[in-house]
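Below: the structure, in structure tokens.
The values are calculated or read from the model by the stated rules, or taken from the named source; none is laboratory data. Being a predicted model, the structure only gives us computed values, none of them experimental. Here the Cβ is made from the backbone with ideal geometry for all residues, glycine too, and neighbour counts use every protein chain on show.
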Amino acid sequence: MIQYNKYIALLVIDFQNDFSDPQGSHYIPGASEIISHINAEINLCHASGGEVIYTQDWHPSTTKHFASHNGHAGEHCVRNSWGAQIHPDLEISGDVLRKGIDGEDAFSCFSVRDLESGVVKPTLMETLLRDRNIQKIVFVGLSTDFCIRYSAMEALSKGFEVAIVSSCVCSTNRDIQVQILKDLEENGVELA
Ligand SMILES: [Zn+2]
């Protein structure tokens, strides 16, 4: 169990309808079953003075990020759509950072990549964390094999301590979850 304090931020990654509701366009298996676990973690973090920050994939309706425009993913989290909304059962109390807003790829919450120029730009996430003197990041949300993996690796490279709450994350394929978490642990991520 994570002992939260004011130097720890809980990052709730992309817990949006398209990923977390069985009716969503890219439902991640098991996601609807972890909502209560995530809410418990949010409450625990707040109760101990930690920061809670949410991310939201927020794409324009046409973007090279989508397979329809030569990207790697089907349409998901189109801004202002139902699918882009954070799941209604999730407790929201903290800043929400939107990513991919200009049509970029946005797998890590720290940076986005322009698909035409290849230019990588930082999001506001690192600034939000440094302004609050955060030293450790705890990840929950979706999905373990994409946004959480990329975000966790980038957080490590920036010198943050990193933890993942295993009961509060899901992968696009249930079978790979254990291996992904093991790989991250070998890279220095604490599994809680
Ligand atoms: Zn996306």
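Is it the case that Thr55 is touching a residue at least 24 places away in the same chain (Cβ under 8 Å), assigned to a strand (DSSP E or B) and either closer than 18 Å to Asp145 by Cα or within 16 Å of the ligand (Cβ to nearest atom) (or both)? The answer is yes for Thr55.
The residue list Asp18, Asp102 contains one member that is assigned to a loop (DSSP other than H, G, I, E, B) and of a type in the set (D, E, K, R), which is Asp102. Within the bounds of segment 39-49, is there any residue that is within 17 Å of the chain's Cα centre (by Cα), modelled with pLDDT of 95 or more, outside any strand (DSSP E or B) and not hydrophobic (A, V, I, L, M, F, W, C)? So far as segment 39-49 goes, yes, one or more of its residues are within 17 Å of the chain's Cα centre (by Cα), modelled with pLDDT of 95 or more, outside any strand (DSSP E or B) and not hydrophobic (A, V, I, L, M, F, W, C). Consider segment 105-114 and keep the residues that are in a loop (DSSP other than H, G, I, E, B) and buried (at least 16 other Cβ atoms within 10 Å of the Cβ). The one that is farthest from the ligand (Cβ to nearest atom) is Phe110.
Tell me, please, whether a residue that is among the aliphatic types (A, V, I, L, M), surrounded by 20 or more Cβ atoms within 10 Å (Cβ to Cβ), within 20 Å of Arg149 (Cα to Cα) and within 12 Å of the ligand (Cβ to nearest atom) can be found in segment 63-79. There is no residue in segment 63-79 that is among the aliphatic types (A, V, I, L, M), surrounded by 20 or more Cβ atoms within 10 Å (Cβ to Cβ), within 20 Å of Arg149 (Cα to Cα) and within 12 Å of the ligand (Cβ to nearest atom). Within segment 115-159, track down each residue that is away from the ligand (no atom under 16 Å from the Cβ), modelled with pLDDT under 95 and of a type in the set (A, V, I, L, M, F, W, C). The one that is away from the ligand (no atom under 16 Å from the Cβ), modelled with pLDDT under 95 and of a type in the set (A, V, I, L, M, F, W, C): Val119.
Scan Val178, Val169 and give me the residue that is away from the ligand (no atom under 16 Å from the Cβ) and under 12 Å from Asp14 (Cα atoms). Within the list Val178, Val169, the selection yields Val169. Across segment 141-160, a minimum of one residue is classified as in a loop (DSSP other than H, G, I, E, B), surrounded by 15 or more Cβ atoms within 10 Å (Cβ to Cβ) and under 13 Å from the mean Cα position of the chain (by Cα).
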